[in-house]
Each structure stands twice: as C-alpha cells, then as structure tokens.
1. Can you pull out the residues in region 168-187 that are open to solvent by less than 20 Å² (accessible area, probe 1.4 Å) and hydroxyl-bearing (Ser, Thr, Tyr)?
2. Return the residue satisfying two criteria in turn: it lies in region 188-207 and is more than 13 Å from residue 105 (Cα to Cα) and not in a loop (DSSP other than H, G, I, E, B), and of such residues it is least open to solvent (accessible area, probe 1.4 Å).
3. For region 115-124: of the residues being of a type outside the set (A, V, I, L, M, F, W, C) and part of a strand (DSSP E or B), which is surrounded by the most Cβ atoms within 10 Å (Cβ to Cβ)?
4. Residue check, residue 98 against (1) open to solvent by less than 50 Å² (accessible area, probe 1.4 Å); (2) modelled with pLDDT of 90 or more; (3) farther than 30 Å from residue 195 by Cβ, all met but one. Which one?
Amino acid sequence: MGLFNGLTEIRKWIVVVLLGLVVFFGYKFFTATSQTSTIESDTSLIQQQIKNVGKLVVTEGHFAEVLTYKDRKETYIPGLNFDKKALVVINADVTVSFDLSLVTYDIDAEKKIVTITNIPKEEIKISPEIKYYNTESSTFNEFTGADHNKINKLAKESLAKRIEKSTLKSNAKNRLLSELFKMQILTNSMGWTLQYNGNIIQKETDLKL
C-alpha cells in the first residue's frame, strides 16, 4: 500500500512538471510570436513614414546679370579688324532642389535603429532669359548661333559664381535639414533611433552634410 501511494505521488509530480513545461513553452511561443509581429509591424510603419517624408525640396531665386560681349575678327591687313559687340542683360530663375526620394537607409529592426546611408546632392537649374542691347556688328563679322551659344554659356558660368556667393544654396540646405529631421521626429516617436555618419541624430545640427 505504501509503495502504491509512493508511485501515485511520483505520477502526480510528473504530471505537474509536464503541465509546467507545456505552460512555459506555450508562453514562450506566443510571446515570441507577438514580439516578432510587433517588430515587423513597426518596421513596416517606419518604412512607410520615411517614404512620406521623401518629397522634392525646391528653393527658388532670381538673379540679374549684365554682360558686355565683344568679339574681334582679325584680318591679314594690319589695323583692319571687324568687331562686334553687344550689351547683354540676363534675367534668370534659379532653383536648387533635393530629391528626398533618393535618400537611402538601413533598418536594424532588432536594435530599432534607422541609419541614413546616402543623402543626394543638390540639383541646380538655371533658366536664363537673355536680351541684347546696343548690338554692333559688320558684314564680315555678324552675330551667329555660335555667338549666342557662347553668350549663353558665359551667362550660366557667371550666374553659377553669383549663386555660390549668395544665400540660395545655404537656404536650400537649411530646408533640406528641416525635412530630414522629420525622420528623426517620427523614429523617435516610435522609440527608434536615427543615425547618420556614425552620429545619433537628436537635433538638426547633428545632421552634418
């Protein structure tokens, strides 16, 4: 009778242990599945939100330039030359743009880190309107399409120098930083971290381009 009771007690303990194992592994299974689902959901949402940030940032400016264009056609006769010249007035609309849809990034779902891997360079578009005044030429040295192409090239080169010295590019860069920082706001709101060039982004100035 004592031996029978002993075996019964052992069986009870075996049942209890088995039930405990079932509960433990069942808990691990369902919680792991839940965590995986949460990570996948967060990752998907992060990707979608970043795509929403990826728009075209455009900064516009207007520049005016006045150039004097001169060209001389030499002859074999000393002192005999054929000149042409014109006063050239250029009005140009200039845009500096950043296509944020070209920003690339890596996502570490386990560590909840978004790392920006590439930010596109600015695209500068110059649309000049050129007018000619006080045009002087001769039969032997008239204005041609080649002159207009040369003037167009000189105008864009001159405007490019003006743009470099102006605040247009810095204003465009500031707008870019503001747009990129929206990525930090949305990642931070979800408990994620944004990185760029090895730095954790907490404020706009951390985005050193």
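The values are calculated or read from the model by the stated rules, or taken from the named source; none is laboratory data. If you're wondering where the values come from, they're calculated on a predicted model, not measured in any experiment. So basically every Cβ, Gly included, is an ideal-geometry build from the backbone, and we count neighbours across all protein chains shown. Keep in mind that these areas ignore ligands, DNA and RNA; they rest on the heavy atoms of the full protein, side chains included. Shrake-Rupley method; radii C 1.70, N 1.55, O 1.52, S 1.80 Å.
1. Matches in region 168-187: 187 only.
2. Of everything passing the filter in region 188-207, 206 is least open to solvent (accessible area, probe 1.4 Å).
3. Looking only at region 115-124, we keep the residues that are of a type outside the set (A, V, I, L, M, F, W, C), and these are 115, 117-118, 120-123.
Those still in the list that are part of a strand (DSSP E or B) too: 115, 117-118, 123.
Values: 115: 16, 117: 11, 118: 10, 123: 13.
Ranking the candidates gives 115 first.
4. The single condition residue 98 does not satisfy is (3).
Residue-by-condition table, conditions (1) free of Cβ contacts under 8 Å to residues at least 60 places away in the same chain; (2) in a strand (DSSP E or B); (3) open to solvent by 50 Å² or more (accessible area, probe 1.4 Å):
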site	(1), (2), (3)
87	yes, yes, yes
94	no, yes, no
106	yes, yes, yes
126	yes, yes, no
132	yes, yes, yes
152	yes, no, yes
